[in-house]
1. Could you list, ordered by first residue, the pairs with Cβ atoms under 6 Å in which the first is in the stretch 156-176 and without any contact (Cβ under 8 Å) to a residue 24 or more places away in the chain and in the same structural domain as ILE452 (by TED's automatic domain parsing) and the second is surrounded by fewer than 16 Cβ atoms within 10 Å (Cβ to Cβ) and outside any loop (DSSP other than H, G, I, E, B), at least 6 apart or interchain?
2. From the list ALA450, ALA426, ALA418, exactly one residue is under 28 Å from PRO61 (Cα atoms) and touching a Leu at 6+ places or on another chain (Cβ under 6 Å). Which is it?
3. Restricting to the stretch 231-272, and then to whatever is outside any helix (DSSP H, G or I) and in contact (Cβ under 8 Å) with a residue 60 or more places away in the chain, can you tell me which residue is surrounded by the most Cβ atoms within 10 Å (Cβ to Cβ)?
4. Working carefully through the options ARG332, ARG356, ARG373, ARG328, find the one that is assigned to a loop (DSSP other than H, G, I, E, B) and among the charged types (D, E, K, R).
5. Only one of (1) farther than 14 Å from LEU368 by Cα; (2) of a type in the set (Gly, Ala, Ser); (3) crowded, with 23+ Cβ neighbours inside 10 Å fails for GLY310. Which number is that?
6. What are the residues in the stretch 380-416 that are more than 24 Å from the chain's Cα centre (by Cα) and either outside the structural domain of VAL443 (by TED's automatic domain parsing) or under 11 Å from GLN346 (Cα atoms) (or both), if any?
7. Sort through PHE221, PHE151 and tell me the only one that's of a type in the set (Phe, Trp, Tyr), in the same structural domain as MET72 (by TED's automatic domain parsing) and surrounded by fewer than 21 Cβ atoms within 10 Å (Cβ to Cβ).
8. What tally of residues in the stretch 55-76 results from selecting those that are in a loop (DSSP other than H, G, I, E, B) and either touching a His at 6+ places or on another chain (Cβ under 6 Å) or buried (at least 17 other Cβ atoms within 10 Å of the Cβ) (or both)?
Amino acid sequence: MSDQALRREWVQRCTRRYFFGQSTLGLGTLAAAGLFAPELRAETRPENPGHGGLLREFHHPPRAKRIVYLFMSGGPSQMDLFDYKPRLNLDNGQELPASVRMGQRLTGMSGNQATLPIAGSKFKFQRHGQCGAWVSELMPFTAKVVDELCFIKSVYTEAINHDPAITYIQTGSQIAGRPSLGAWLDYGLGSTNENLPSFCVMVTKNKGGQPLYARLWGSGFLPASHQGVQLRAGRDPVLYLTDVDGISRVARRQQLDRINELHQMELQRRLDPLIEARIAQSEMAFRMQASIPEVADISDEPQHVLDMYGPDVSNPGTFAANCLLARRLLERDVRCIQLFHKGWDQHGNLPAAISRQCLETDQPAAALIQDLRQRGLLEDTLVVWGGEFGRTAYSQGKLTANNYGRDHHPRCFTMWMAGGGVRGGATIGSTDEYSYNIVERPVHIHDLNATILHLMGIDHERLTFKYQGRRYRLTDVHGQVVSEVFA
């Protein structure tokens, strides 16, 4: 053996990883075997969250097993949808009172306007359901399910522009690089499905508006295995999953078996968790080659269900199609699903633009609620709807009799939740008569995420990850659970 080879072996034997690898022979094999035989592990006990997660038991009894988050990217106008403010119409065209604005900062898009004329909503509102919730005429289907919804009309954020705002609500930081909500859930709870990803993402196709980035469903500094898997419209819902022509399932299985044998040999020697991740990911990809086409095939759905989701449901990649696909994933125990729908950034021509947005999303979102309820899934599935901030009471640009725009407004906006232990027919928080400031029960986005984690059985202060000398969590160093949400 050469001096160089002897030196390499000596350096290797001086490492902690080599010492533990040699002193615990067989441990790596057991760990790898556990990936393929989850029924042999403690994680399969009913009181445990799932396999592959940090937690061996919930912090407290969960109210929801699954979550589907309908994210309306761009900032929906709360006073044109759910936060009814007749004062806006009474004062239409008048200057926003200084006593209301209170010197709060504006964006560069409207901060230099000579005037800030109040813009009343062009749309009519009515009360609906036993709870009597006010809903705009833009949302006739959502109006039919208001008794299932818990409106939070006092959500707020510090971010005033899109990229930091959407990054903030999705990851708990305005600066990119932190893990997303779904990644934290997968890191903590793991998966209850062997054949599908625990965290799936869908983005409505062919929508303009503010760009969306994969980091919004990324894993940040958590292991890459916890990032969201994006399902796309078309022949290949997951990129690079399909085998090339000429490779059969049998051949692929044999190839994986040989590769995994080499991985397990290296795992015994090095005890490197990245090797375990490679084994798990290759096995999941193999199983997904059968499970993804099956879940994406809606040919077995009865016509009355397709009709419930609306005319776009048969067009893959539309919001309606994604809502139906979300339900199919949820009933197969996928833990977390996020649907992103762009185009809510209506600085001008708001009446026409928001009408199109609602036409695309209102019926499918309401259908998802009804579909989950009739299948007995709503009671333990949390549904969340909302964007990154709201819109201003004043018009950005010229106000006319039939047209107006609204700028970004982080001071208050409306979101709703349903199912999963949520108190249906409730309204939490309120805003002033201009929907400009919160007057009752402020709910910060950290509070919102703390509440989501609580409903899923997680104490947001206890699910942490140490990175660069500090323990991080989704809610940073803030966040209070909004207990009024609970049924």
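The values are calculated or read from the model by the stated rules, or taken from the named source; none is laboratory data. Source: prediction; values computed, not measured. Neighbour counts run over all protein chains shown; Cβ positions are idealised from the backbone, glycine included.
1. Note: no pairs meet the criteria.
2. Values: ALA450 fails: touching a Leu at 6+ places or on another chain (Cβ under 6 Å); ALA426 fails: touching a Leu at 6+ places or on another chain (Cβ under 6 Å).
Result of the check over ALA450, ALA426, ALA418: ALA418.
3. Initially, the stretch 231-272 is screened for residues outside any helix (DSSP H, G or I), giving 231-248, 271-272.
From what's left, in contact (Cβ under 8 Å) with a residue 60 or more places away in the chain: 231-234, 271-272.
Details: LEU231: 25, ARG232: 15, ALA233: 19, GLY234: 9, LEU271: 19, ASP272: 15.
This residue is LEU231.
4. Working: ARG356 fails: assigned to a loop (DSSP other than H, G, I, E, B); ARG373 fails: assigned to a loop (DSSP other than H, G, I, E, B); ARG328 fails: assigned to a loop (DSSP other than H, G, I, E, B).
Only one candidate qualifies: ARG332.
5. (1)
6. Looking only at the stretch 380-416, we keep the residues that are more than 24 Å from the chain's Cα centre (by Cα), and these are 392-407.
Selection gives THR392, SER395, GLN396, TYR404, GLY405, ARG406, ASP407.
7. Values: PHE151 fails: surrounded by fewer than 21 Cβ atoms within 10 Å (Cβ to Cβ).
Sole residue among the options that is of a type in the set (Phe, Trp, Tyr), in the same structural domain as MET72 (by TED's automatic domain parsing) and surrounded by fewer than 21 Cβ atoms within 10 Å (Cβ to Cβ): PHE221.
8. Taking the stretch 55-76 and keeping what is in a loop (DSSP other than H, G, I, E, B), we get 55-65, 73-76.
Checking the rest, the ones that are also either touching a His at 6+ places or on another chain (Cβ under 6 Å) or buried (at least 17 other Cβ atoms within 10 Å of the Cβ) (or both) come to 55, 59, 62-65, 73-76.
Looking only at that region, the number is 10.
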